[in-house]
Amino acid sequence: MQTFHAVAARSTSAAAHKRMPGLLLKILGAAAIGITAFALAGGNASAADLSSKDKKFMTDAAEAGQTEIKASKIALEKNRSPAVKDFAETMVGDHTTVADELAKLAASKNVKLPDGPSTMQNAKIAILSKLDGATFDKQYASIIGISAHEDAVKLFQDAATNAKDPDVKQFAAKTLPGLQHHLEMAKRLKAATDGEK
């Protein structure tokens, strides 16, 4: 004869067994949600971990590049010197390529870039756009050619040395020689435009 405890234990065990599939599904469902959340967080970890200085570099680099492009497009319309035209064409082409690379990097880091120059850079471009002839050529060579590239070289040198994110550091290091070359070109352009009357 079965004892009361044995029957109770068997019915408790049977009830637990019937509930098992539902409980198992709940546990598995919760685990799947947790794994998915972890994977999504892991996919954005590089964005969340990007230092504020690295983000600022990317923003400043985008603004600097947009300044070069916008001012150089004006130079293509207003230049008097063939040397200014050649330089401006190179700036539009090279800085557009760099801007595209920076946009891909920013997207991979979940960083939103500005779509134009800073307010101060726009003010310089506005001043340039009011000039004509040899005066325009000289100011373009000085403000966009030399001054803007000196600032860009410093910005990229710092990031190539000090950026925390390896992709940001690599982008800066890869882009820096081109900017240094632009600066040398700008110095030659300024010497040529200073001779204009």
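The values are calculated or read from the model by the stated rules, or taken from the named source; none is laboratory data. Keep in mind it's a predicted model, so treat the numbers as computed, not measured. As a convention, Cβ positions derive from the backbone with ideal geometry for all residues, glycine included, and neighbour counts pool all protein chains shown. What goes into the accessible areas is simple: the full protein's heavy atoms, side chains included, and nothing from ligands, DNA or RNA. Shrake-Rupley method; radii C 1.70, N 1.55, O 1.52, S 1.80 Å.
Quick notes on this one:
- Within the stretch 79-103, being surrounded by fewer than 18 Cβ atoms within 10 Å (Cβ to Cβ), in contact with a Phe, Trp or Tyr (Cβ under 9 Å, 6 or more places away or on another chain) and farther than 18 Å from residue 181 by Cβ holds for one residue alone: 80.
- Sole residue being closer than 20 Å to residue 175 by Cβ, open to solvent by 30 Å² or more (accessible area, probe 1.4 Å) and among the small types (Gly, Ala, Ser), chosen from 108, 129, 72: 108
- In the stretch 95-119, the residue that is nearest to the chain's Cα centre (by Cα) out of those that are acidic (Asp, Glu) and within 18 Å of residue 73 (Cβ to Cβ) is 100.
- When the stretch 178-197 is filtered for residues that are in a helix (DSSP H, G or I), open to solvent by 30 Å² or more (accessible area, probe 1.4 Å) and among the small types (Gly, Ala, Ser), the ones remaining, listed by number, are 178, 191, 192.
- The residue pairs whose first member lies in the stretch 88-99 and is in contact (Cβ under 8 Å) with a residue 40 or more places away in the chain, whose second member is polar (S, T, N, Q) and surrounded by 19 or more Cβ atoms within 10 Å (Cβ to Cβ), and whose beta carbons are closer than 8 Å, counting only pairs six or more residues apart or on different chains, are 88/72; 88/79; 91/72; 98/175.
- Flag for residue 154 being open to solvent by 70 Å² or more (accessible area, probe 1.4 Å) and either at pLDDT 95 or above or of a type in the set (A, V, I, L, M, F, W, C) (or both): yes
- Pair list, Cβ < 7 Å and 6+ apart or interchain, from the stretch 54-78 residues that are among the acidic types (Asp, Glu) to residues that are assigned to a helix (DSSP H, G or I) and modelled with pLDDT of 95 or more: 54/168; 60/155; 63/121; 68/91; 68/95; 68/144; 68/148
- Test: residue in the stretch 48-71 that is touching a helix residue (DSSP H, G or I) at 6+ places or on another chain (Cβ under 9 Å), in a helix (DSSP H, G or I), at pLDDT below 95 and more than 19 Å from residue 118 (Cα to Cα): yes
- Some residue of the stretch 166-177 being surrounded by 13 or more Cβ atoms within 10 Å (Cβ to Cβ), of a type outside the set (Lys, Arg), more than 18 Å from residue 52 (Cα to Cα) and free of Cβ contacts under 8 Å to residues at least 60 places away in the same chain: yes
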